[in-house]
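So the structure is just underneath, and the comments pick up after that.
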Amino acid sequence: MITNPQSGTNVHEIADGIYRINTPVSIPGGPGQFNFNQYLIVDDAPLLFHTGPRRMFPLVREAMAHVMPVEQLRYVAFSHFEADECGALNEWLAVTPSAETVCGQIAAMVSANDVGDRPARALADGEVLTLGKHAVRWFDTPHLPHGWDAGLMMET
């Protein structure tokens, strides 16, 4: 479903209770579009994986509101610390009073606990976070020369 006709932002359920929020953007001087994606798991403790850039926050928030009450978001997670993954982190924390940042231990140590308005919940490699009927497992995926704080989540 398109949630914002001007931007083309849309949200689709891709598995039971798991939604992809997508915003297409034109590539300056390029041949087409790039897509920013966030993933929302709606459960007892809803989780948003990736926030998108800070300036995209209104579009992602609008899309989420089509699926669930935004203020019920419990976890804001990201793969590594960079604007497209967590640029809107503090905007989400401001509108979701009980939300907690979730990331890997390195990301919490070097970035999230410094920049975030609330302390992060740092997950260890292989740790499982239960959301209700869904659960996600964190995997550390450090790589060089960039992304030594990186990780991925898998819905178990």
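The values are calculated or read from the model by the stated rules, or taken from the named source; none is laboratory data. All values derive from a computational prediction rather than experimental measurement. Neighbour counts run over all protein chains shown; Cβ positions are idealised from the backbone, glycine included. Protein only, heavy atoms only, side chains kept; ligands, DNA and RNA dropped before computing areas. Shrake-Rupley method; radii C 1.70, N 1.55, O 1.52, S 1.80 Å.
Please report the carbon-and-sulfur percent of the accessible area for the stretch 1-100; probe 1.4 Å, protein heavy atoms only, DNA, RNA and ligands left out. Before the final figure, lay out each step's value.
Numbers: 2470 of 4660 Å².
The value for the stretch 1-100 is 53 percent carbon and sulfur by accessible area.
Along the stretch 57-62 the Karplus relation, 6.51 cos²θ - 1.76 cosθ + 1.60 evaluated at θ = phi - 60°, assigns HN-Hα couplings of 3, x, 5, 5, 4, 4 Hz to successive residues, with x for each Gly and Pro. Modelled spin labels at MET1 and GLN72, positioned 7 Å past Cα toward Cβ, are 1.4 nm from each other. Database remark: amide H of ARG121 closer than 5 angstrom to the amide H of THR101, VAL102, CYS103 (H placed geometrically; neighbours at sequence offset of 5 or more, or on other chains; Pro and chain starts carry no H). Near GLU127, the amide H atoms lying under 5 Å from its own belong to TRP138; only residues 5 or more places off or on other chains count, and H is placed 1.01 Å from N.
With a 1.4 Å probe rolled over the protein heavy atoms of all chains, the accessible area of ASP117, ASP44 falls in the order ASP44, ASP117, largest first. Per the helix-only calculation at 222 nm, which mean residue ellipticity applies to the chain, given -39500 (n - 2.57) for every DSSP H run of n ≥ 4 and division by its residues, nearest 500 deg cm²/dmol? Per the formula, -3000 deg cm²/dmol. From the coordinates of this entry, log10 I(q)/I(0) by the Debye sum over Cα atoms at q = 0.08, 0.10, 0.14, 0.21 Å⁻¹ is computed, and it appears in (1) -0.24, -0.37, -0.68, -1.36; (2) -0.30, -0.46, -0.85, -1.34; (3) -0.21, -0.33, -0.66, -1.42 under the label (3).
Give, in nm to one decimal, the length gained when the segment between HIS12 and ASN35 is fully stretched (0.36 nm per residue of separation minus the Cα-Cα distance).
Extra length available between HIS12 and ASN35 comes to 6.9 nm.
Sparsely packed loop sites in the stretch 54-156 (the GluC sites (Glu not before Pro) outside DSSP H, G, I, E and B with at most 13 other Cβ atoms within 10 Å) do not occur. Residues of the stretch 53-95 with amide nitrogen under 14 Å from the 7 Å Cα-to-Cβ point of VAL25? Backbone N within reach: 53-60, 82-89. Summing charges over all other residues whose Cβ lies under 11 Å from the Cβ of GLY126, with Lys and Arg as +1 and Asp and Glu as -1, gives -2. The ARG121 and LEU144 beta-carbon pair, evaluated with R₀ = 30 Å, returns a calculated FRET efficiency of approximately 0.70. Put simply, the amide H of THR141, placed in the peptide plane, has neighbours under 5 Å in ALA150, GLY151, LEU152, leaving out anything fewer than 5 places away on its chain. Solvent exposure of the stretch 65-129 amounts to 42 Å² per residue of accessible area, where only protein heavy atoms count and the probe is 1.4 Å.
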